[in-house]
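Report on the following structure.
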Amino acid sequence: MSADVSNPTRIAAVVLAAGMSRRMGTPKPLLPLGGRAMLLHVLDALARVEAIDRTVVVTGHGHDQIAAIAPEAVALVHNVQHTDGEMVSSVKVGISSLRGECDAIVLALGDQPLIRAETVRRLIDGWRSSRSRIVLPRHAGKRGHPIVLDSTAFDEILSLSPHETLKTYISRHAMATMEVDVNDPAIHFDVDTPEDYTRAEALLTTGGAQPGRRITSCPPTVESKSASGAA
C-alpha cells in the first residue's frame, strides 16, 4: 500500500510517561538502559521516523527528572491526575495538547525501549493508505503498541467516562480498526517489573535490539512511501 504524497499530513507522537511505576519502585522512564535513560530510547526511535514532526511526552510521577533529561525538541505536558493509575487520563492530556494541530498521533509507551522506528513507519503508512480511526501493530497474531489514532477519534476519546479505557474506544470501533503485521516482537514488550528490566538490559547487551541515535533536533516532515515489506 502506498501513501498519497499529494496530500501531506501532520503527524505527532505522544509518549506516555506519567505512571507511578509501583511495581518497579522507581520512575521507569528514568531507569538507565544501555547507559541512557529508558525514555530516551523511545524518543530516539520516534525521532528516526521522518513523518513525525513533533513529539509530546505526558509526564506525571518524576516530572522534574524527566524535564531535566528531555531533548529540547520534545514538548512536555503534565498529567495532574497521574496518581489515579489510569492510562486513559494521560492519553486525554496528550490529545488535548495537540487538538487541532495534527491529523493523527502515534501513541507510544515510555516503557517500551526496544521498539523499532520501522514499525512506526509501517503503522503510519497503513494509516495514510486507509485513514482508519485506529491502526494497530500485530506480531505473531497478537496486537501491541505503539498505535496510531486518527484525529477523528480525538473527541470521543476525550469524552470517555472515568470507568472507560482506551480499549473501550477500540472495541467500539472494531470495523474502523486496521492491523498491520510487523516483524517486531518488541510491540509486546514493556518494562513493568524488575525481571522485565533485566531482560531489556540483556537484549541491548546481546544485540537483540539496537538503541537509537541521540536526538539533536526535530526530524523534517516527509511522506512515507510504502506500508509493504517486513519491519
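The values are calculated or read from the model by the stated rules, or taken from the named source; none is laboratory data. Worth saying up front: this structure is predicted, and the values here are computed from it rather than measured. Cβ atoms come from the backbone with ideal geometry, glycine included; neighbour counts cover every protein chain shown.
Before moving on, here are some points about what is shown:
- Contacts under 6 angstrom Cβ, first residue in the range 149-178 being on the phi < 0 side of the Ramachandran plot, partner outside any loop (DSSP other than H, G, I, E, B) and charged (D, E, K, R), 6 or more apart: 158/92
- Restricting attention to the range 157-189, the residues being of a type in the set (Lys, Arg) and within 19 Å of the chain's Cα centre (by Cα) number 1.
- For the range 165-189, the candidate set comprises residues that are under 29 Å from residue 84 (Cβ atoms) and touching a helix residue (DSSP H, G or I) at 6+ places or on another chain (Cβ under 7 Å); within that set, the residue that is surrounded by the most Cβ atoms within 10 Å (Cβ to Cβ) is 187.
Yes or no, residue by residue, for (1) under 28 Å from residue 131 (Cβ atoms); (2) at pLDDT below 90; (3) basic (Lys, Arg):
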{"site": "5", "(1), (2), (3)": "yes, yes, no"}
{"site": "24", "(1), (2), (3)": "no, yes, no"}
{"site": "43", "(1), (2), (3)": "yes, no, no"}
{"site": "48", "(1), (2), (3)": "yes, no, yes"}
{"site": "57", "(1), (2), (3)": "yes, no, no"}
{"site": "60", "(1), (2), (3)": "no, no, no"}
{"site": "67", "(1), (2), (3)": "no, no, no"}
{"site": "84", "(1), (2), (3)": "no, yes, no"}
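- Helices (runs of 4 or more DSSP H) fully within the range 113-231 that include at least 3 residues being touching a strand residue (DSSP E or B) at 6+ places or on another chain (Cβ under 7 Å) and at pLDDT 95 or above: 117-130.
- Subset tally (residues that are aliphatic (A, V, I, L, M) and surrounded by fewer than 23 Cβ atoms within 10 Å (Cβ to Cβ)) for the range 110-133: 1
- Filtered residues of the range 81-93 (kept if assigned to a helix (DSSP H, G or I) and crowded, with 16+ Cβ neighbours inside 10 Å): 82, 87, 88, 89, 90, 91, 92, 93
- Among the residues of the range 94-112, those identified as in contact with a helix residue (DSSP H, G or I) (Cβ under 9 Å, 6 or more places away or on another chain) and in a helix (DSSP H, G or I) are 95, 96, 98.
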